[in-house]
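Visitor: Before I ask anything, here is the structure I am working with.
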Amino acid sequence: MTKEKEIGFLDSFTASTAIVPEVIDRLMIDLIKMRYPQDEIDEIILSMDESITNAVQVTMNCNDTKSIVPEKRNITIRYTVSKNEFDATIIDHGTGLDFIKILSSTPDIRSTNYHDQIISYATDSEKSKLSIKINGESVPLRGIGAGLKIILSFMDSVSIEYIDKKTIIATNVTDTTDGTIFNIKRKRRYSKNGQTSKSI
């Protein structure tokens, strides 16, 4: 039996909650094929489930506009599983994250939900793993939601690029592109017996 060096996946889907289990089931099979231990599989699956669910929700919300003929909007999902690394990109065509809220959310001691604000405030560790760009320009991060906190705890790096259709930001992005490009990466963390490992 020959060991696979890398397993890749790339597909586009019409925004629907039905795609989440479809992609997650395929990913689980691929992680098992690459002999990832269960703890590692659980952490990657949770991160991908959260990422895909968010992409579906923002894209479906964007489809609910009042236009006479609603625009069909797809989500593209790509991932690569290798012996030593997991890398995934999810591209949605929805409204994206609430960047105004992210950029301005600093805990306010006078507010009634101060403790919730402290919990959602990004730690230095989370900031070092996360890159956010709007139309190609880096923006500072202050606060994040619970879903992104979960993803950051399980991934080595997270990159979010928001495109608003108004500016062409790179050669691979056209003036008809909009939405969010969400990339997550992680090196293997556990050996087959479940012990934490720096390199496998």
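Per-residue answers, yes or no, for (1) under 20 Å from E22 (Cα atoms); (2) modelled with pLDDT under 85; (3) not in a helix (DSSP H, G or I):
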{"site": "E43", "(1), (2), (3)": "yes, no, no"}
{"site": "V58", "(1), (2), (3)": "yes, yes, no"}
{"site": "V81", "(1), (2), (3)": "yes, no, yes"}
{"site": "R110", "(1), (2), (3)": "no, yes, yes"}
{"site": "D116", "(1), (2), (3)": "no, yes, no"}
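Visitor: Can you find, within the range 144-180, the residue that is farthest from T76 (Cα to Cα) among those that are at pLDDT below 75 and of a type in the set (D, E, K, R)?
Guide: Step by step, filter the range 144-180, then rank; the result is K166.
Visitor: The conditions are (1) at pLDDT 80 or above; (2) over 14 Å from M155 (Cβ atoms), and D49 fails exactly one of them. Which is it?
Guide: (2)
Visitor: Within the range 10-65, track down each residue that is crowded, with 16+ Cβ neighbours inside 10 Å and among the charged types (D, E, K, R).
Guide: D30, E40, E43, D49, E50
Visitor: Inspect all residues belonging to the range 4-14 and state whether any of them is assigned to a loop (DSSP other than H, G, I, E, B) and modelled with pLDDT under 95.
Guide: Within the range 4-14, one or more residues are assigned to a loop (DSSP other than H, G, I, E, B) and modelled with pLDDT under 95.
Visitor: I need the full set of residues from the range 66-78 which are modelled with pLDDT of 85 or more and either crowded, with 22+ Cβ neighbours inside 10 Å or over 14 Å from F182 (Cα atoms) (or both), in order please.
Guide: Selection gives I75, I77.
The values are calculated or read from the model by the stated rules, or taken from the named source; none is laboratory data. Owing to the predicted nature of the structure, the values given are computational and were not obtained by experimental measurement. FYI the Cβ positions are ideal-geometry reconstructions off the backbone, even for glycines, and counts take in every protein chain you see.
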